[in-house]
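Presented below is the structure to which this report refers.
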Amino acid sequence: MPVDVDAVVLSNTQLSHDYNTVILAAPRLGDQALPGQFVMVKTTYGDDPLLRRPFSVFEILRDDAGRSTGVSLLNKRIGVTTRALYALRPGDHVRCLGPLGRPFSVAEPPEQAWMVAGGVGLAAFATLAANLRARRVDTTLFYGGRRADDLFHLDTFESLDVHLRLATDDGSRGDHGNVTVPLRRAFVSTDRTTPVRLYACGPTPMMRAVTELAASEGRATEVSLEQVMGCGLGGCYSCVVPVRGPDGTHFVRSCLDGPIFDGGSVVWEQLGE
Amino acid sequence: MPVDVDAVVLSNTQLSHDYNTVILAAPRLGDQALPGQFVMVKTTYGDDPLLRRPFSVFEILRDDAGRSTGVSLLNKRIGVTTRALYALRPGDHVRCLGPLGRPFSVAEPPEQAWMVAGGVGLAAFATLAANLRARRVDTTLFYGGRRADDLFHLDTFESLDVHLRLATDDGSRGDHGNVTVPLRRAFVSTDRTTPVRLYACGPTPMMRAVTELAASEGRATEVSLEQVMGCGLGGCYSCVVPVRGPDGTHFVRSCLDGPIFDGGSVVWEQLGE
Amino acid sequence: MSVDLSVDVGGLQLATPFIAASGCFGYGLEYGDIVDLSTLGAVAVKGLFLEEREGHPPTRIVETPSGMLNAIGLQGIGVRRFVADKLPGLRDCGAVVLVNICGSTTEEYAEIARILADADGVAAIELNISCPNISKGGMMFGSSLRGTHDVVSAVRRVTTLPLIPKLTPNVTDVASFAVAARDAGADAVSLVNTFLAMAIDIETRRPKLSNVVGGLSGPAIRPIAVRMVHECRQAAADLPIIGMGGIMTSEDAIEFIIAGAVAVQIGTANFVDPFVWSKLREGLTDYLHRHDVPSVSALVGTLDTTRGHTA
Amino acid sequence: MSVDLSVDVGGLQLATPFIAASGCFGYGLEYGDIVDLSTLGAVAVKGLFLEEREGHPPTRIVETPSGMLNAIGLQGIGVRRFVADKLPGLRDCGAVVLVNICGSTTEEYAEIARILADADGVAAIELNISCPNISKGGMMFGSSLRGTHDVVSAVRRVTTLPLIPKLTPNVTDVASFAVAARDAGADAVSLVNTFLAMAIDIETRRPKLSNVVGGLSGPAIRPIAVRMVHECRQAAADLPIIGMGGIMTSEDAIEFIIAGAVAVQIGTANFVDPFVWSKLREGLTDYLHRHDVPSVSALVGTLDTTRGHTA
Ligand SMILES: Cc1cc2nc3c(=O)[nH]c(=O)nc-3n(C[C@H](O)[C@H](O)[C@H](O)COP(=O)(O)OP(=O)(O)OC[C@H]3O[C@@H](n4cnc5c(N)ncnc54)[C@H](O)[C@@H]3O)c2cc1C
Ligand SMILES: Cc1cc2nc3c(=O)[nH]c(=O)nc-3n(C[C@H](O)[C@H](O)[C@H](O)COP(=O)(O)OP(=O)(O)OC[C@H]3O[C@@H](n4cnc5c(N)ncnc54)[C@H](O)[C@@H]3O)c2cc1C
Ligand SMILES: Cc1cc2nc3c(=O)[nH]c(=O)nc-3n(C[C@H](O)[C@H](O)[C@H](O)COP(=O)(O)O)c2cc1C
Ligand SMILES: Cc1cc2nc3c(=O)[nH]c(=O)nc-3n(C[C@H](O)[C@H](O)[C@H](O)COP(=O)(O)O)c2cc1C
Ligand code: FES
Ligand code: FES
């Protein structure tokens, strides 16, 4: 059951001029959040900005006894709320409603897990990686960014025993190009009969490319779609995506039936620019 | 010429559960501000709350060389912006437009100065006291509050050689009752021929009472009126007060022709509740 | 003193004056997890046409200062699937259900009303003659006095359920529409629906909404909505009014009640704070106590307009 | 590339499209200290009646979410004292002056216009037929097509100055009023004036404004105002439009220009940031450069409505 917590900021690490990670004291959120779920965030108390914004639960933080103490958010500054999140200081408050949405399905051994992240899409994967590790799933993160110094939290994923396959637009770290470069190579070197579960989160064109690449290998991809969301609870019908079903294509609410979708069922051509 | 500065908060002292004093780095404001003038303050960058709010320049702060480094505001928490001012932390920013308005006239010896303050009306007087002291004017502050612990900055005024005459609603410090009690006594013990300049700032009924008491002693009072202000610059005509002139009573803008008025010319009955 | 929150809206009995606004609360069941629907005055479900509709492609909403535009385009499951799939669940939750209906023609409105008249668990019909986001129907009817009269009378003929036309604010004189609705047989009116508005992406020079225009809701519109409720109250004191537009807190709701609304709807606020309902009830109860008002009904329309504030 | 900010508003040449909105900039001279008035496109001075007026008692304004209500009641010095006491100073500052006028009768409008026709330094007349805050005149004319036609024709007969009726948004179909104004001889129209609105003090149950109702301005109304500019542009592409309503930044101004406004007015923003003028010019210049648009005129009405955003 979603809760609305007025979470205190414990720390805020500015990773670059536009990325930061903020740690929130919110045990009840951390208790419930499943991989791929999100929270609806409000940083101010006035009516402008009015609406909350959706953010993946990045990490679930735990004390030594393993009890949840809170969550972290990985944030990229692009507008009014993400700017406010970037500027947070310890002691500030952030209202978080969640956890919301349909989670990722979590692979089980012997299946491998391949997580494909572009930019801030990384935010969907730390909780997933922790879950996969608990199940001893062999996990690889394919992660693309603009430059070497735009790849964050590699240590977080390494400490979760995740194999890293990196790519940067300028070639300053990992492969030169986008994240499909190492992914393509991985497909080449992996037998089609090896069970692999694919997850993708990042810019829409990247998720589409991953889905199509995987499909050409006969594999499905779970994608995490980022639509504009008014409520996060199924109330407003703002967040719809066109999804192919048995009786044709329908607009489906991504806050309720997503944000995680089978990439193969998404009608990418109609998803917008 | 008024300036609009994006002032950094140097410190914020919460004096009680609703009063605080915030020190702002704003040398250009301090350079220009005259006693009784005000600034229009905005604490947020969004459109809600939309308008600025007027605040007296409390103190002008100076470095050892006597150069202005900034100003302080004495704030009482009553609504959205005063709440934000109360919660400020060092490093926060506050936009301040000013100095604005017609200042107090400053007494010259041998004239004495009597400043009459109720509650947050004290905010109008620290700058005035500093100016009076520079001119070696014998100055008394009559200051009323709810309780003893609602009387602030007494040391500030003492260090400016101001005589204090206090009153509290519950009698816990100074006279029991409102500030007109010690004021009335001062009139009794002061010869009518002794030159005294009176200033009042506080709740409207108190300023009216002071004006009428002084008038009954044949003395004028300069009052600092607190109207709701949209712009502070004479643009909107929201801040008017009814003032008696040679050609009858007119609505006069208190941001431009005030906030300091001759109490005797104000049509108190029409000033509202 | 215990205070009475219940209200009578043209024959419809509600336990509290707080109603979830249509289109802002799904079919109600989406919120069943976090809100006990039986504690709401009522739930106005998402606007229904006769048939299923896909609605407009995204982008469907855009935020504006203290408000938002929407052009959902009335995506919905149609009245028959609603009756079959949603109504039973709502009944089980103990929800008082206002069904918000929309048609492209007068006949379609009447047809939907006929279907609902036979259904079990419908407390009242809210006639959406004010949706700004569809090319046929909706506001087309609600911005003409004749259109309003025709739709209301047509539906009136086929149902005995309380009938509540929902008025558009996009008119010169909203009170004349309240009067027209009353004269055509409405039991109450609800207002306001959203204000027709638009936002442009200056980088692409294209509208931000796929539908070009949309409806403005949220706190931004509240002062206009309060004025319109006040006008309708003055023009038709006998006609119960359900007020709405930017209500976020119990104070806002009380403002509408004082202006003349016997009940209020909460739309956009659900998006900001889905837990708003208990706060509304507590705030109103507390206000009635503090002001020694025994009931919500006693507060309705108590605005003293003999003079405004002078201060 | 150097970009051209100048615009032609129905024969009125302005160096920039940015005009101070009436009632939000005093008589202009109040701002002389902090703004070089000659760098503004124009200054629309506070609305003038024939005679002096005291206006309404305070409280005259109240803040609302992302907006404000005002009911100043057109306090003013009357047109004759304006011509004698203010116009010379404005001329000396190099200000382009739009005189905003208001009357209780058609004859009063015409009489004021006649006085202004003889004055030196009036660039144009803005006909305020949309003030919501006065009991006679103002919006009374502007919310009837006949009233609009009559006032505009009456003033047209007595002056050759550019004539710019200012339209009210409190009507069902604002474009029909633009067309009526044009047909009666207007050189341009300006829109929007404020939205009739109210706010209630729930503790006293009295209106917060002494005048009971007031006009809503500021960012809250922007999306509605943009829609109305767009509608007028579509209905009368040949009629120059001065757009306004909640413009705070150059981005907002550009939105109105793309929607169809050849110039824009800045009202409430002056209260929040009186230094906004240079930021507006810089922002617009920068935008034109970035988008390779040679002039403001080339940007006017370039909205692509063939489809909105789908994303
Ligand atoms: C399920 C989900 C999970 C998300 N998780 C994260 C996360 O973990 N970290 C993170 O940084 N971001 C995440 N996002 C994206 C995040 O919600 C947006 O960046 C945020 O809403 C922008 O808010 P703003 O107020 O800063 O921008 P605004 O000021 O509202 O908008 C600035 C500009 O960005 C555009 N914009 C707004 N929202 C989006 C969007 N969703 N996609 C593309 N453009 C947009 C606007 O149209 C506008 O042009 C997630 C989104 C979804 C749907
Ligand atoms: C020239 C001048 C100098 C001032 N100097 C100071 C100062 O030094 N320190 C200080 O603390 N305050 C001062 N004030 C008062 C201060 O401006 C108000 O307290 C402030 O505007 C309230 O803003 P808010 O956003 O907190 O309240 P809001 O949320 O806007 O309002 C809360 C409630 O207070 C009422 N209210 C708002 N403004 C006033 C007002 N001016 N008088 C009475 N009631 C009001 C509102 O109607 C509302 O009911 C001064 C006012 C003026 C005109
Ligand atoms: C996303 C959204 C969808 C809406 N859908 C409907 C609808 O289907 N039928 C209807 O009558 N009103 C609809 N409305 C209007 C609301 O019911 C309400 O009249 C309006 O939003 C004003 O109230 P608010 O400011 O509290 O949201 C919708 C509003 C929003 C924001
Ligand atoms: C305090 C105030 C006074 C106003 N007075 C006038 C007036 O005298 N004449 C007029 O035509 N419009 C008047 N207006 C309306 C503005 O000129 C403008 O049309 C409206 O405020 C919308 O623009 P904005 O949102 O930029 O303020 C006034 C507006 C305000 C806020
Ligand atoms: S965000 Fe409201 S329905 Fe999905
Ligand atoms: S506050 Fe605007 S004129 Fe005084």
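Keeping to region D:239-280, report how many residues are within 16 Å of ligand 6 (Cβ to nearest atom), part of a loop (DSSP other than H, G, I, E, B) and within 16 Å of the chain's Cα centre (by Cα).
Total meeting the criteria: 2.
State whether one or more residues within region D:130-140 are surrounded by fewer than 21 Cβ atoms within 10 Å (Cβ to Cβ), more than 16 Å from ligand 4 (Cβ to nearest atom) and assigned to a loop (DSSP other than H, G, I, E, B).
Scanning region D:130-140 turns up no residue that is surrounded by fewer than 21 Cβ atoms within 10 Å (Cβ to Cβ), more than 16 Å from ligand 4 (Cβ to nearest atom) and assigned to a loop (DSSP other than H, G, I, E, B).
Considering (1) away from ligand 3 (no atom under 13 Å from the Cβ); (2) in contact (Cβ under 8 Å) with a residue 40 or more places away in the chain; (3) not in a loop (DSSP other than H, G, I, E, B), say which one C:Pro88 fails and leave the rest.
Checking C:Pro88 against (1) away from ligand 3 (no atom under 13 Å from the Cβ); (2) in contact (Cβ under 8 Å) with a residue 40 or more places away in the chain; (3) not in a loop (DSSP other than H, G, I, E, B), the one that fails is (2).
Anything in region B:47-61 that is more than 17 Å from B:Ser254 (Cα to Cα), more than 16 Å from ligand 4 (Cβ to nearest atom) and not in a strand (DSSP E or B)? List them, or say none.
Within region B:47-61, just B:Phe58 meets the criteria.
Of all residues in region D:181-207, count the ones that are surrounded by fewer than 24 Cβ atoms within 10 Å (Cβ to Cβ) and away from chain C (no Cβ under 14 Å).
Number of matching residues: 5.
What do you reckon, is A:Gly258 within 16 Å of ligand 5 (Cβ to nearest atom) and over 17 Å from the mean Cα position of the chain (by Cα)?
no
Quick one: C:Ala42 ticks every box in (1) more than 10 Å from every other protein chain (Cβ to nearest Cβ); (2) of a type in the set (A, V, I, L, M); (3) within 26 Å of A:Val240 (Cα to Cα) except a single one, so which number is it?
Checking C:Ala42 against (1) more than 10 Å from every other protein chain (Cβ to nearest Cβ); (2) of a type in the set (A, V, I, L, M); (3) within 26 Å of A:Val240 (Cα to Cα), the one that fails is (3).
Please go through region D:208-218 and give me each residue that is within 13 Å of D:Val192 (Cβ to Cβ) and at the interface with chain C (Cβ under 7 Å from one of its Cβ atoms), ordered by number.
D:Leu216 - this is the single residue of region D:208-218 that is within 13 Å of D:Val192 (Cβ to Cβ) and at the interface with chain C (Cβ under 7 Å from one of its Cβ atoms).
Out of all the residues in region A:213-235, which are in contact (Cβ under 8 Å) with a residue 24 or more places away in the chain and more than 16 Å from ligand 5 (Cβ to nearest atom)? I'd like the intermediate steps shown before the answer.
Going residue by residue through region A:213-235, those that are in contact (Cβ under 8 Å) with a residue 24 or more places away in the chain are A:213-215, A:217-218, A:220-227, A:229-233.
Once the filter is applied, which keeps residues that are in contact (Cβ under 8 Å) with a residue 24 or more places away in the chain and more than 16 Å from ligand 5 (Cβ to nearest atom), region A:213-235 yields A:Leu213, A:Ala214, A:Ala215, A:Glu217, A:Gly218, A:Ala220, A:Thr221, A:Glu222, A:Val223.
Look at B:Val22 and say whether it is part of a strand (DSSP E or B) and farther than 28 Å from B:Cys236 by Cα.
Values: part of a strand (DSSP E or B): yes; farther than 28 Å from B:Cys236 by Cα: yes.
Criteria met by B:Val22.
Return the residues of region D:121-150 that are in contact with a Gly (Cβ under 8 Å, 6 or more places away or on another chain) and over 21 Å from D:Gly246 (Cα atoms); say none if nothing qualifies. Before the answer, list the steps.
Going residue by residue through region D:121-150, those that are in contact with a Gly (Cβ under 8 Å, 6 or more places away or on another chain) are D:128-134, D:137, D:140-141, D:148.
Within region D:121-150, D:Ile134, D:Gly137, D:Met140, D:Phe141, D:Thr148 meet the criteria.
Please note which strands (runs of 3 or more DSSP E) are completely contained in region B:62-134 and include at least 3 residues that are in contact (Cβ under 8 Å) with a residue 24 or more places away in the chain and farther than 25 Å from B:Gly230 by Cα.
Ranges flagged: B:112-118.
Determine, yes or no, whether A:Tyr45 is at pLDDT 95 or above, surrounded by fewer than 21 Cβ atoms within 10 Å (Cβ to Cβ), farther than 23 Å from A:Pro182 by Cβ and not small (Gly, Ala, Ser).
no
Could you say whether any residue in region C:51-66 is facing another protein chain (nearest Cβ under 10 Å), farther than 21 Å from C:Cys131 by Cα and within 16 Å of ligand 4 (Cβ to nearest atom)?
Within region C:51-66, one or more residues are facing another protein chain (nearest Cβ under 10 Å), farther than 21 Å from C:Cys131 by Cα and within 16 Å of ligand 4 (Cβ to nearest atom).
Since D:Val272 meets every condition but one in (1) more than 14 Å from chain A (Cβ to nearest Cβ); (2) more than 16 Å from ligand 1 (Cβ to nearest atom); (3) among the hydrophobic types (A, V, I, L, M, F, W, C), which condition does it not meet?
(1)
Looking only at region A:197-241, filter to residues that are among the hydrophobic types (A, V, I, L, M, F, W, C) and farther than 15 Å from A:Val116 by Cβ; which one of those is farthest from ligand 6 (Cβ to nearest atom)?
Kept after step one, since they are among the hydrophobic types (A, V, I, L, M, F, W, C), are these residues of region A:197-241: A:198, A:200-201, A:206-207, A:209-210, A:213-215, A:220, A:223, A:225, A:228-229, A:231, A:233, A:236, A:239-241.
Those left that are additionally farther than 15 Å from A:Val116 by Cβ: A:228-229, A:231, A:233, A:236, A:239-241.
Numbers: A:Val228: 38, A:Met229: 40, A:Cys231: 39, A:Leu233: 43, A:Cys236: 39, A:Cys239: 43, A:Val240: 46, A:Val241: 49 Å.
Per the stated criteria, the residue is A:Val241.
Just the residues that are basic (Lys, Arg) and not in a strand (DSSP E or B), please, taken from region C:17-71.
Answer for region C:17-71, where residues must be basic (Lys, Arg) and not in a strand (DSSP E or B): C:Lys46, C:Arg60.
Among (1) within 17 Å of the chain's Cα centre (by Cα); (2) more than 11 Å from ligand 1 (Cβ to nearest atom); (3) surrounded by fewer than 17 Cβ atoms within 10 Å (Cβ to Cβ), which single condition is A:Ile78 missing?
Of everything listed in (1) within 17 Å of the chain's Cα centre (by Cα); (2) more than 11 Å from ligand 1 (Cβ to nearest atom); (3) surrounded by fewer than 17 Cβ atoms within 10 Å (Cβ to Cβ), A:Ile78 misses just condition (2).
Evaluate the following for A:Leu128: is it more than 16 Å from ligand 4 (Cβ to nearest atom), in the same structural domain as A:Thr193 (by TED's automatic domain parsing) and crowded, with 21+ Cβ neighbours inside 10 Å? Steps first, answer last, please.
Working: more than 16 Å from ligand 4 (Cβ to nearest atom): yes; in the same structural domain as A:Thr193 (by TED's automatic domain parsing): yes; crowded, with 21+ Cβ neighbours inside 10 Å: yes.
Yes: the conditions hold for A:Leu128.
Somewhere in region D:242-251, is a residue under 18 Å from D:Ile19 (Cβ atoms), in contact (Cβ under 8 Å) with a residue 40 or more places away in the chain and surrounded by fewer than 24 Cβ atoms within 10 Å (Cβ to Cβ)?
no
If I go through region C:269-281 residue by residue, how many of them are surrounded by fewer than 24 Cβ atoms within 10 Å (Cβ to Cβ) and either modelled with pLDDT under 95 or farther than 18 Å from C:Gly41 by Cα (or both)?
1
Among the strands (runs of 3 or more DSSP E) lying completely within region A:169-273, list those that include at least 2 residues that are surrounded by 15 or more Cβ atoms within 10 Å (Cβ to Cβ) and touching a Phe, Trp or Tyr at 6+ places or on another chain (Cβ under 9 Å).
Details: elements: A:196-201, A:221-224, A:240-245, A:248-253, A:260-262.
Output list reads A:196-201, A:221-224, A:240-245, A:248-253.
Quick grid of which residues meet (1) at the interface with chain D (Cβ under 7 Å from one of its Cβ atoms); (2) at pLDDT below 95; (3) away from ligand 3 (no atom under 16 Å from the Cβ):
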residue	(1), (2), (3)
C:Pro240	no, no, yes
C:Ser250	no, no, no
C:Ala261	no, no, no
C:Gly267	no, no, no
C:Ser297	no, no, yes
C:Leu303	yes, no, yes
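The values are calculated or read from the model by the stated rules, or taken from the named source; none is laboratory data. Everything numeric here is computed off the predicted structure, so don't read it as measured data. Neighbour counts run over all protein chains shown; Cβ positions are idealised from the backbone, glycine included.
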